[in-house]
Amino acid sequence: WYQRRVREGTGFYTKATTTATDLINRFMEGDSEYEDLPTEDHRIHMAAGMAAGIVEHCSMYPFDLVKTRMMALGGQTGMASSLRSIVSTEGLRSLWRGMPVVMCWAGPAHAAYFTAYEFSKSKTGKLLGPTNPIGHLMSGAVASLVHDMWMTPIDAVKQRLQKAQSQYKSGRHCCAMMLREEGIRSFYRSYGTQICMNVPQQMVHFWCYELLKRKLNPENEYRPSVHIVSGGLAGGAAAWFTTPFDVCKTLLNTQPTLSEGESRQAVRGLRNSFHLIYTTSGVRGFFKGSIPRMLTIMPSTAICWWVYEMFKFNLHEN
């Protein structure tokens, strides 16, 4: 009985390893029929987008926390010094503070994001052509609006948990305190800034992505390495371009006070946040945290595109 179980287990392990190896080899080698795969099955887009969102946000979360600390008013100016300070004073586990909240909501948000993008791309493709950059820009803007409706409240909770010396014990405690003390509007306080940031970011992202993909792959064959490189570089360029809006969004979400004895909110709206950052830090203040933001978004977008395309490809095949 023991030998039979060992043989069965060994056979299952060998079969599973062979199957996984075949899938990886097929994915990395590419398939010329990939561009002809149907795009109307939104269940596949939702499943692939959910997987991509969870992997993307969780894998780069420590860099996102450092970025939030640097962008907050009075935060540290260097990435290395910020990282050392966080680890030495709060411990290594603090780098993942607030990640369970993101884990729960990044999946549905990215499922809605990629589904909206694929739906809009299929509609604009019929009107403008499948390779028209205007269609990709419009689809990216639509997807960004749908995504931000999900993620803006979660970003507000996440960044309050990430803030130095945060008073909140958990995501649930933070949500309850915000709702009781500030009302439901506090969850969407930075929604206008989020839209101003993410819509142009997605437009730049998709424009750069399509441009780089055409340059790196003029034959228009399916190559996962092109998705990874193009997605990473396009994400980095879009991240740097929209960093000032992210600084304002972080300021609105964390809501510091102007002085220790003053309890009123320091910032109300995008215009006031721009004015406060300029008066306190100058032009350089708008690009605080730009390096960790790029280091977060570049691998995030590369990972996101790679996981999304891998899941979509294999789900279509099966």
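If a residue has to be small (Gly, Ala, Ser) and under 14 Å from the mean Cα position of the chain (by Cα) to count, how many in the stretch 141-160 make the cut? Talk me through it step by step, then tell me what you get.
Applying the first criterion (small (Gly, Ala, Ser)) to the stretch 141-160 yields 141, 143-144, 156.
Remaining after also requiring under 14 Å from the mean Cα position of the chain (by Cα): 143-144.
Total meeting the criteria: 2.
Identify, from the list Thr257, Thr250, the residue that is modelled with pLDDT under 85, closer than 23 Å to Thr152 by Cα, open to solvent by less than 10 Å² (accessible area, probe 1.4 Å) and of a type in the set (Ser, Thr, Tyr). Explain how you work it out, then say what you get.
On the way: Thr257 fails: open to solvent by less than 10 Å² (accessible area, probe 1.4 Å).
Going through Thr257, Thr250 in turn, the sole match is Thr250.
Go through the stretch 204-225 and give me each residue that's of a type outside the set (Lys, Arg), surrounded by fewer than 20 Cβ atoms within 10 Å (Cβ to Cβ) and out of contact with any Phe, Trp or Tyr (no Cβ under 8 Å at 6 or more places or on another chain).
Result: Trp207, Cys208, Glu210, Leu211, Leu212, Leu216, Asn217, Pro218, Glu219, Asn220, Glu221, Ser225.
Could you list, in sequence order, all residues of the stretch 266-302 that are among the aliphatic types (A, V, I, L, M) and over 25 Å from Val229 (Cβ atoms)? Give the steps one after another, and end with the answer.
Our first condition is that a residue be among the aliphatic types (A, V, I, L, M); within the stretch 266-302, this holds for 266-267, 270, 276-277, 283, 291, 294-295, 297-298, 302.
Answer for the stretch 266-302, where residues must be among the aliphatic types (A, V, I, L, M) and over 25 Å from Val229 (Cβ atoms): Ala266, Val267, Leu270, Leu276, Ile277, Val283.
If we keep just the residues of the stretch 179-227 that are small (Gly, Ala, Ser) and over 20 Å from Leu137 (Cα atoms), which is farthest from the chain's Cα centre (by Cα)? Quick ask: steps written out before the conclusion?
First pass over the stretch 179-227, keeping only residues small (Gly, Ala, Ser): 183, 186, 190, 192, 225.
Remaining after also requiring over 20 Å from Leu137 (Cα atoms): 183, 186, 190, 225.
Values: Gly183: 26, Ser186: 21, Ser190: 17, Ser225: 20 Å.
Here the answer is Gly183.
Open to solvent by 20 Å² or more (accessible area, probe 1.4 Å), closer than 28 Å to Glu182 by Cα, assigned to a helix (DSSP H, G or I) and at pLDDT below 80: is that true of Arg264 in this structure?
On the way: open to solvent by 20 Å² or more (accessible area, probe 1.4 Å): yes; closer than 28 Å to Glu182 by Cα: yes; assigned to a helix (DSSP H, G or I): no; at pLDDT below 80: yes.
When the stated conditions are applied, Arg264 does not pass them.
Answer yes if at least one residue in the stretch 230-243 is at pLDDT below 80, under 30 Å from His136 (Cβ atoms), crowded, with 18+ Cβ neighbours inside 10 Å and in contact with a helix residue (DSSP H, G or I) (Cβ under 6 Å, 6 or more places away or on another chain), and no otherwise.
No, that holds for no residue.
For Val146, state whether it is farther than 26 Å from Ser82 by Cβ, open to solvent by 20 Å² or more (accessible area, probe 1.4 Å) and modelled with pLDDT of 90 or more.
Working: farther than 26 Å from Ser82 by Cβ: yes; open to solvent by 20 Å² or more (accessible area, probe 1.4 Å): yes; modelled with pLDDT of 90 or more: yes.
For Val146, the condition - farther than 26 Å from Ser82 by Cβ, open to solvent by 20 Å² or more (accessible area, probe 1.4 Å) and modelled with pLDDT of 90 or more - is met.
Looking at this structure, is Thr77 modelled with pLDDT under 85 and in contact with an Asp or Glu (Cβ under 9 Å, 6 or more places away or on another chain)? Spell out how you get there, then give the answer.
On the way: modelled with pLDDT under 85: yes; in contact with an Asp or Glu (Cβ under 9 Å, 6 or more places away or on another chain): no.
Taking the combined requirement at face value, the residue does not satisfy it.
The values are calculated or read from the model by the stated rules, or taken from the named source; none is laboratory data. Owing to the predicted nature of the structure, the values given are computational and were not obtained by experimental measurement. Counting neighbours? That spans all protein chains shown, and the Cβs are built from the backbone with ideal geometry, glycine included. The protein model used for the area step is the full one, side chains on, heavy atoms only, and it has no ligands, DNA or RNA in it. Shrake-Rupley method; radii C 1.70, N 1.55, O 1.52, S 1.80 Å.
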